[in-house]
Each structure stands twice: as C-alpha cells, then as structure tokens.
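First the structure, in the form of structure tokens, and then the observations on it.
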Amino acid sequence: MKRILLDTDPGVDDALAFLLAFASPEIKVEAVTTVDGNVDVEKGTRNARQLLEFLGRDDVPVARGASHPMLRPMGNAESFHGKMGLMDVVLLEPRMKVDKRAAAQLIIDEVNRLGKELTLVAIGPLTNLAAAILTDPTIPEKVGGLVIMGGAFSLTPYGSGNANAVAEFNIWHDPDAAKLVFDSGIPMVCAGLDTTMHPDYRMNKAMYAEMVVKKGKRSELIKGLCGVLVERYNGFSLHDPMAMAYVADPTMFKTEKYKVEVETTGTHTIGMTVVDRRRYHREENLKANHEVIVEVDAPRFHKMISDRVGKGG
Ligand code: RIB
Ligand code: CA
C-alpha cells in the first residue's frame, strides 16, 4: 500500500488524478493540500473538497496552501481549465471543513507521522513543498519520496515546453520553489511533458468515448471535465493521471536518472528543467536523485485509466 499526500491545483487533469487515486487499491490518500497554479488557491481548495465529497471521501483532510509563487507572480491556466478550474462541471457546494493548518504544516506533520511510509505526490506548482522543506529541512531524508507531474526534459521529441518554449507549467509557475525542491536531495520521480504529451500515451477520442459510455454521475463528471477539451485538442494529455499511475504501478514505466537543474533567470527559458546529457556528465547523472519517466507501457496505462478513472476500478 502506497500512503500518499496529494499536493494539487485542481485543475481538470488533477481531477482525473483524484478519480484514479481513489479507485486504486495500491494507494491510500492520507491528506490533500492545495496550491496556487491552474486557478487561485481558493478555487483550488473548493474544487478539492467538492471532488472528495463527490467520491464520498470527506474524511480526508484538505489544507489550503500558497496563494502565490514564492518570489514572483506568474500566470494561471484558467484559459485551459475554465474560470473555476473544472471546466463546465457543477458539483454540490462543499460542506467539509478546510483543515486549520497551512498546507506546509500538514505536509510536515504527515512526514513526521509516517516517515518513509509516505510518498508525496505533487501535481501542481511546488510552492507548498518548498515552504515545507524550508520550514523543516529534514523532510527530504525522512520521507519515502516525491513523485511529481512536472518538467520538460527534452528526452523525447515531446519534451519541450507548454508554458513557454522550454518550460512545463508547474515548474514555470514557481521556478524558485521548483529549484529549491529539485536541489533539496529529496528522491524524485518526474512525469514530464516528454511522455504526457507523447501521442502514444495521450487519451484519444475513442478512449474518451469508451470511458463515458456508461450512464451515471462519474461519466457525467468526466464529460463535464474533458468533453470540450477532447474535441478542442483532438484528445487529452493525461499529465497528472500519469504521475498518479506511476504511484499505483511503477512497473508500467521506464525511468532514467539525471541531475536536473531548474532555470530561474532566463528571459526565454525561465522554468526550464535542464538535463545535461554530455558524455562526461554521465557519472553525475547516474548519482542523481532525479528520475524522469521516458517510456510508458501504453496498453497497460490506458487500461488503468479506462478501468479506474472511467469505471471507478
Ligand atoms: O503542465 C501540466 C500541468 O500543469 C498539470 O499539472 C496541469 O494540471 C497544470 O497544473
Ligand atoms: Ca495540476
């Protein structure tokens, strides 16, 4: 059983990652923390509570996190996810309370409670993780590990940027926090655009149609989340679900080790996750604590998404 804390900026694909997490017998969601990213943290916190109540899991604590990046304001992604962050979905007004602690404190408390048992899963900007590590620098050595959706590593033809020419949104939105987390020594696995944008691994229209064919509230939710986007983008990139799928079954993925540097000053490259593949850099890469997903077993990944996101397991 993988006990996780999910840090998220819900977000349409974050919502699919929620559906996957709670339909995966390998995963136990211990807590959720929200962060400014796709939409502001107030909307994200509301969306997280609505999703937990939709799933009948209002027992899972939700703590509100950072309302802006560490050092500089960066744009949101409402243009993609919709003004409220969950496209056209209308869910019941959340009734569950927000945990009194700040997200960083909940992260610290869960790491101290569960130690190596706990895996941190971050599918939004890394502001909360950075705040937690700044407050308790022993987190990287105490926790079991960190799995993120984040980065664009130029390791496949699809590993270029979506927030600028070379940077992935979660890293770009708070590059300073990302640098702090990548440099902290925490063991990390990254699901980056190199694979989430790969046409073989995206959700195509046929897969989407099959996922919503069954009548019911789950299909209605997925239709409200993804329907317009699948039409607009000829399918849907499963960014956050890929990170969650790695947690559920890492054997579906091939990873490679690299020392990743985060660009925090470049005019055109801010937020870039730089990988140095020069031959004489090989030793440093092999010693690094950053793993990047470079290949996916597409049939198994798609079956997991279809069965667990689409049908609930
Ligand atoms: O670049 C994709 C990532 O940015 C996903 O986590 C999506 O939800 C947005 O946060
Ligand atoms: Ca996200």
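So, in the stretch 1-43, exactly how many residues are touching a helix residue (DSSP H, G or I) at 6+ places or on another chain (Cβ under 8 Å) and more than 10 Å from ligand 1 (Cβ to nearest atom)? It would help to see each step written out before you state the result.
We begin by selecting, within the stretch 1-43, every residue touching a helix residue (DSSP H, G or I) at 6+ places or on another chain (Cβ under 8 Å); these are 2-21, 23-24, 26-27, 29-39.
Add one more test, that the residue is more than 10 Å from ligand 1 (Cβ to nearest atom), and what stays is 2-7, 18-21, 23-24, 26-27, 29-34, 36.
Total meeting the criteria: 21.
When the stretch 78-113 is examined, which residues are found to be part of a helix (DSSP H, G or I) and of a type in the set (Gly, Ala, Ser)?
Answer for the stretch 78-113, where residues must be part of a helix (DSSP H, G or I) and of a type in the set (Gly, Ala, Ser): Ser79, Ala103, Ala104.
Among the residues of the stretch 192-205, not a single one is assigned to a loop (DSSP other than H, G, I, E, B), away from ligand 1 (no atom under 16 Å from the Cβ), in contact (Cβ under 8 Å) with a residue 12 or more places away in the chain and crowded, with 16+ Cβ neighbours inside 10 Å.
Picking from Leu6, Leu52, Leu20, which residue would you name as being under 18 Å from the mean Cα position of the chain (by Cα) and either among the charged types (D, E, K, R) or in a strand (DSSP E or B) (or both)? Steps first, please.
Numbers: Leu52 fails: either among the charged types (D, E, K, R) or in a strand (DSSP E or B) (or both); Leu20 fails: either among the charged types (D, E, K, R) or in a strand (DSSP E or B) (or both).
From the options Leu6, Leu52, Leu20, the qualifying one is Leu6.
Going by what's in this entry, would Gly144 be described as closer than 14 Å to Ile123 by Cα and either aliphatic (A, V, I, L, M) or touching a residue at least 24 places away in the same chain (Cβ under 8 Å) (or both)? It is false that Gly144 is closer than 14 Å to Ile123 by Cα and either aliphatic (A, V, I, L, M) or touching a residue at least 24 places away in the same chain (Cβ under 8 Å) (or both). The requirement of being surrounded by 14 or more Cβ atoms within 10 Å (Cβ to Cβ), within 27 Å of Phe236 (Cα to Cα) and under 17 Å from the mean Cα position of the chain (by Cα) is satisfied by Gly85.
Considering (1) surrounded by 24 or more Cβ atoms within 10 Å (Cβ to Cβ); (2) within 14 Å of ligand 1 (Cβ to nearest atom); (3) of a type outside the set (Val, Ile, Thr); (4) closer than 27 Å to Phe54 by Cβ, the lone condition that Phe153 does not fulfil carries the number (4).
Scanning the stretch 65-82 for residues that are more than 18 Å from the chain's Cα centre (by Cα), surrounded by fewer than 18 Cβ atoms within 10 Å (Cβ to Cβ) and not polar (S, T, N, Q) yields a count of 3. For the stretch 223-309, the strands (runs of 3 or more DSSP E) that sit wholly inside it and include 3 or more residues that are buried (at least 22 other Cβ atoms within 10 Å of the Cβ) are 290-296.
Got a sec? Which helices (runs of 4 or more DSSP H) wholly within the stretch 114-183 have at least 3 residues that are within 13 Å of ligand 2 (Cβ to nearest atom) and within 19 Å of Pro241 (Cα to Cα)?
Details: elements: 127-135, 139-142, 169-173, 175-182.
Here the list reads 169-173.
Run down Ala163, Ala167, Ala191, Ala152 and say which single residue is within 20 Å of His81 (Cβ to Cβ), in contact with a Leu (Cβ under 6 Å, 6 or more places away or on another chain) and not basic (Lys, Arg).
Values: Ala163 fails: in contact with a Leu (Cβ under 6 Å, 6 or more places away or on another chain); Ala167 fails: in contact with a Leu (Cβ under 6 Å, 6 or more places away or on another chain); Ala191 fails: in contact with a Leu (Cβ under 6 Å, 6 or more places away or on another chain).
Every option except Ala152 fails the conditions.
The set of residues in the stretch 55-77 being hydrophobic (A, V, I, L, M, F, W, C) and not in a loop (DSSP other than H, G, I, E, B) consists of Val62, Ala63.
All of the numbers you see were taken from the coordinates with simple rules; none came from a lab. The model shown is predicted, which means the values in this text are computed figures rather than measured ones. Please note: Cβ atoms are built from the backbone with ideal geometry, for glycine as well, and neighbour counts cover all protein chains shown.
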